[in-house]
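> Take a look at this one; I'll ask things after.
The values are calculated or read from the model by the stated rules, or taken from the named source; none is laboratory data. It should be emphasised that the depicted structure is a prediction, and the values quoted were computed from it without experimental measurement. Ideal geometry is used to build each Cβ from the backbone, glycine not excepted, and the neighbour counts take in all protein chains shown.
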């Protein structure tokens, strides 16, 4: 996690240094920007760092933070966490992306490190009730319809029942206010992005898909993206791209992985062929690569425990398969 700290006074700079040290101890990468030394225009520096840092900590007035981040706010799913601390370190106030971005938890950590107090204003947090978006983040889930989070939270806060349906195993007990059964509003965790078990359904899915891809030499990014779309892949759920080692320097594959922030792994033909299981087989592919199938075997080998959910799909010289890794949810 990358965190940017902004300070506007000498005392604020000292507090920013203390925050930076605490965050680094927790594994964050930090960079501190001090007015007069690293920037002159707050608007300019915020415009530059807002899209590239996971967390922004303003050591100063809330008004400065609110005015400067306002033009850049887009979505709960993508906006960085934003926290404001006074220059004496008495208060840490999350003002953006409290749950999904992690601002609330980080504010608590910062306050503890400074000997101050975290000022949380999120209703679910201050009332101590279940927060669906925070639970989704902790379980590595993608929320398909973020707008429904407010409706679910509102019902729980009002003491109204919320349903729960999951296609995946889970450990622990469902929290108060959430239960299996027939309800008007509820949470669905599953692979089918069209399924709506409730009249009002908050839809989620694990980020646990591994893409296996085979392609002709020089396949451009556009052809790779078209094939993935043709295969019906829910790209937001993909964490990894796998292929055979002779494709390790394919520009199109590498560009796609960079664009999506995906881990990549490339396997030898011997490793692919050593994998047991039922896979599509092609004599042509075997003669060209040494393995009778690239996409299915690469996806399965890169995925580990789980199952192939999309078998070989071909389009314009690109083959795609999808492996879903086993997950268990926790409450």
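This table checks each residue for (1) exposed (fewer than 15 other Cβ atoms within 10 Å of the Cβ); (2) within 14 Å of residue 241 (Cβ to Cβ); (3) touching a helix residue (DSSP H, G or I) at 6+ places or on another chain (Cβ under 8 Å).
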residue	(1), (2), (3)
277	yes, no, yes
284	yes, no, no
295	no, yes, no
303	no, yes, no
311	no, no, yes
315	no, no, yes
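> Moving on. How many residues are assigned to a loop (DSSP other than H, G, I, E, B) and either touching a strand residue (DSSP E or B) at 6+ places or on another chain (Cβ under 9 Å) or surrounded by 17 or more Cβ atoms within 10 Å (Cβ to Cβ) (or both) if we restrict to region 95-120?
Within region 95-120, residues that are assigned to a loop (DSSP other than H, G, I, E, B) and either touching a strand residue (DSSP E or B) at 6+ places or on another chain (Cβ under 9 Å) or surrounded by 17 or more Cβ atoms within 10 Å (Cβ to Cβ) (or both) number 9.
> Follow-up. Would you be able to tell me the number of residues in region 196-214 that are part of a loop (DSSP other than H, G, I, E, B) and closer than 28 Å to residue 302 by Cα?
The number of residues fulfilling the criteria is 2.
> While we're on this one: With the structure loaded, tell me whether residue 32 is in contact with a helix residue (DSSP H, G or I) (Cβ under 8 Å, 6 or more places away or on another chain) and in contact (Cβ under 8 Å) with a residue 24 or more places away in the chain or whether it fails that test.
Yes: the conditions hold for residue 32.
Conditions (1) outside the structural domain of residue 145 (by TED's automatic domain parsing); (2) within 25 Å of the chain's Cα centre (by Cα); (3) at pLDDT below 95, marked per residue:
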{"site": "7", "(1), (2), (3)": "yes, no, no"}
{"site": "13", "(1), (2), (3)": "yes, no, no"}
{"site": "31", "(1), (2), (3)": "yes, yes, no"}
{"site": "40", "(1), (2), (3)": "yes, no, yes"}
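> Pick from 65, 77, 92: which is in a strand (DSSP E or B) and over 15 Å from residue 153 (Cβ atoms)?
Result: 92 is the single residue among 65, 77, 92 that is in a strand (DSSP E or B) and over 15 Å from residue 153 (Cβ atoms).
> Considering region 219-252 alone, what residues qualify as being surrounded by 19 or more Cβ atoms within 10 Å (Cβ to Cβ), in a helix (DSSP H, G or I) and in contact with a helix residue (DSSP H, G or I) (Cβ under 7 Å, 6 or more places away or on another chain)?
224, 228, 247, 252
> Right, next: Can you tell me how many residues within region 44-61 are more than 24 Å from the chain's Cα centre (by Cα) and either surrounded by 14 or more Cβ atoms within 10 Å (Cβ to Cβ) or part of a loop (DSSP other than H, G, I, E, B) (or both)?
Total satisfying the criteria: 4.
> Kindly list the number of the only condition in (1) closer than 29 Å to residue 208 by Cβ; (2) modelled with pLDDT of 95 or more that fails for residue 124.
(2)
> Here is a further query. Any residue that is farther than 30 Å from residue 246 by Cα, in contact with a helix residue (DSSP H, G or I) (Cβ under 6 Å, 6 or more places away or on another chain) and at pLDDT 95 or above - is there at least one of those in region 164-183?
There is no residue in region 164-183 that is farther than 30 Å from residue 246 by Cα, in contact with a helix residue (DSSP H, G or I) (Cβ under 6 Å, 6 or more places away or on another chain) and at pLDDT 95 or above.
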